Amino acid sequence: MWHGFHTDGYVRAMPEHGFVSPLLLQIDEELRGNFPTIMGQHPLLHWWAFKYDGRKRGTGAHADFAAVNINFWITADDANLDPESGGLVIWDKPAPLDWGFAQYNRGGQVVRDFLVQSRARPVTIPHRANRAVVFNSNLFHETDKISFKDGYLNRCINVTMLYGWRGEAVARL
């Protein structure tokens with residue numbers, strides 16, 4: 001299921017390569033039942049999991065192509081060497097709607113410059129096992145610094161589920 005090593009230090013699991021499970025469908029169903037205002041009629045568009053190497057940086061600042069992003073961690077808390085990190089950094093500024101996918105998702109320095117120029121403020125959500133973060137997928141976000149114990153079983157794993165299309169109305173998150 002894990003494939004596609006990325007130079008930023010993670011492997012990914014995608015539905016087209018076997019990351020499909022009745023549990024994921026159950027999570028989707030329960031999210032819709034518990035958050036009908038946020039989920040609305042947004043379809044589940046895509047999902048994946050990333051498993052990070054604790055000596056690398058994880059995903060850089062980007063936005064996603066969806067309306068709603070649900071991100072949760074499944075690695076045990078005791079694997080995280082710094083309980084104040086290892087999660088997600090989310091900025092309070094969305095990607096401009098006139099930016100194309102390559103610009104808002106892989107823009108690198110362009111994204112960093114935008115965040116500085118717009119005086120974006122980051123919020124850090126530390127890793128916790130079974131913690132979920134629900135946010136507007138058009139907000140810039142990135143992996144927080146990672147410091148986990150050595151060993152394959154201790155690697156930080158996050159699951160992302162994307163709903164609806166970027167630019168669609170989203171309940172105030």
**Prompt:** Whose amide H sits under 5 Å from the amide H of Ala66, counting only residues 5 or more places off or on another chain, with H placed in the peptide plane?
**Reply:** Arg166
**Asked** Just how far, in whole angstrom, is the stretch 35-100 from the stretch 108-173 if you go by their alpha carbon centroids?
**Response** 4
**Complete:** Scalar couplings 3J(HN,Hα) for the stretch 68-78 by Karplus 6.51 cos²θ - 1.76 cosθ + 1.60 (θ = phi - 60°), nearest whole Hz, x for Gly and Pro, are 10, 10, 10, 10, 9, 10, 10, 7, 4, 4, 6
**Request:** At 0.36 nm per residue, minus the direct Cα-Cα distance, what do Glu84 and Leu153 gain on full extension? Give it in nm, one decimal, please.
**Result:** 22.8 nm
**Options (i) 118; (ii) 100; (iii) 128 - which one matches volume of the Cα convex hull per residue in Å³ as calculated here** = (i)
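Please report the equivalent ellipsoid semi-axes of the stretch 131-170, computed as sqrt(5 x eigenvalue) of the Cα gyration tensor, largest first, in whole Å. Before the final figure, lay out each step's value.
Values: eigenvalues 162, 24, 11 Å².
Semi-axes from the Cα gyration tensor: 28, 11, 7 Å.
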**³J(HN,Hα) computed for each position of the stretch 134-150 - Karplus, 6.51 cos²θ - 1.76 cosθ + 1.60, integer Hz, glycine/proline x** = 10, 8, 5, 5, 7, 6, 5, 8, 7, 5, 6, 4, 10, 9, 10, 4, 5
**Request:** As a check on your grasp of the helix formula, calculate [θ] at 222 nm for the chain: sum -39500 (n - 2.57) over DSSP H runs of n ≥ 4, divide by the residue count, round to the nearest 500.
**Result:** -5000 deg cm²/dmol
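Bear in mind these aren't lab numbers, they're just calculated from the coordinates by the rules spelled out. Note that this is a predicted model, so its numbers are computed, not measured.
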